[in-house]
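The values are calculated or read from the model by the stated rules, or taken from the named source; none is laboratory data. Note that the structure is predicted; figures quoted are calculated from it, not measured. Positions of Cβ are backbone-derived with ideal geometry, glycine not excepted, and every protein chain shown enters the neighbour counts.
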């Protein structure tokens, strides 16, 4: 419990410290080229773990001219990284086929050669500011490690939910649409939830608290009534935080679940609640990124700076306002997404 608490404290501190760091760098008024390299170094994790570490390993293999992973190399990588896609119980661990696909489409990017010492000199940081940025980098690393352990934990618990599904007469991906009470009741042979209800929940459902009870509904009218409370007025601009600068125009592709990544074509603007490590290939195809959530040391911010692509984070509403096919301008110099033409 104390370990979990420490990880969450680091995750919450991450954005607070990063914002302080960003404000310091703004006041330094560095020129554009210097600012980009300094931001990348000072706001990146102190160590690259998890998927970032894997990217480095695979990039080295590509730089050696290895086009296809051998069975032995792939097996070794999967032993340590099969958990990568396990964001939740709906996702399966990587297979060799998935790893091969990731490796095939992974682009070798030229990374910044600026060191931490170089960045400190270029930004003319004081001793106290150096201490702050060292803390930012360390907390960013801990945040990444939290995601690493979370995904591994989900990967390791999948067999339990497979067995649970077997005992309930359904598969694991059906079990996730049941509440705790429904699972217990079904195991006792009492009120078993029908497959029809699960299929309806898979399409759309509402879950809410009422008198300390978790209630669910698949009633379309009730769901629409609830959604109506969150209908946004007609919006032409969306504001957020600059994570990586630049200005680009392109067509929107909204990614809400992993299968949506297949929609991304070269030059598209990737819109998401947040990005995950398995988004990297799609991110290399996209020309810019806009997210609802995320901080300056989030996955999307780090990858955007690495790829030198415009990125705006923390918009809160981008995935609600924008639709596939909308034409937008991502102005990551001012932190604004301008809607040029909607795809209605």
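Which pairs have Cβ atoms under 6 Å, sit 6 or more apart or on different chains, and link a residue in segment 274-285 that is within 13 Å of residue 103 (Cα to Cα) to one that is surrounded by fewer than 19 Cβ atoms within 10 Å (Cβ to Cβ)?
As it stands, the answer is 281/105; 284/107, since those pairs meet every condition given.
For segment 35-42, does any single residue satisfy the condition of being surrounded by fewer than 17 Cβ atoms within 10 Å (Cβ to Cβ) and either modelled with pLDDT under 80 or not in a loop (DSSP other than H, G, I, E, B) (or both)?
No, segment 35-42 contains no residue that is surrounded by fewer than 17 Cβ atoms within 10 Å (Cβ to Cβ) and either modelled with pLDDT under 80 or not in a loop (DSSP other than H, G, I, E, B) (or both).
How many residues are part of a loop (DSSP other than H, G, I, E, B) and crowded, with 22+ Cβ neighbours inside 10 Å if we restrict to segment 297-308?
Qualifying residue count, segment 297-308: 2.
Quick check: is even one residue across segment 221-237 touching a strand residue (DSSP E or B) at 6+ places or on another chain (Cβ under 8 Å), over 27 Å from residue 337 (Cβ atoms), in contact (Cβ under 8 Å) with a residue 24 or more places away in the chain and not assigned by TED's automatic domain parsing to the domain that holds residue 297?
Checked against the condition, which is being touching a strand residue (DSSP E or B) at 6+ places or on another chain (Cβ under 8 Å), over 27 Å from residue 337 (Cβ atoms), in contact (Cβ under 8 Å) with a residue 24 or more places away in the chain and not assigned by TED's automatic domain parsing to the domain that holds residue 297, segment 221-237 yields no hits at all.
Can you tell me which residues in segment 85-136 are at pLDDT 90 or above, surrounded by fewer than 17 Cβ atoms within 10 Å (Cβ to Cβ) and in a loop (DSSP other than H, G, I, E, B)?
Hits for segment 85-136 are 92, 95, 115, 124, 126.
Every residue, every condition in (1) more than 24 Å from the chain's Cα centre (by Cα); (2) exposed (fewer than 14 other Cβ atoms within 10 Å of the Cβ); (3) within 26 Å of residue 50 (Cβ to Cβ), yes or no:
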residue: 138; (1), (2), (3): no, no, yes
residue: 168; (1), (2), (3): yes, no, no
residue: 205; (1), (2), (3): no, no, no
residue: 209; (1), (2), (3): yes, yes, no
residue: 215; (1), (2), (3): yes, yes, no
residue: 227; (1), (2), (3): yes, yes, no
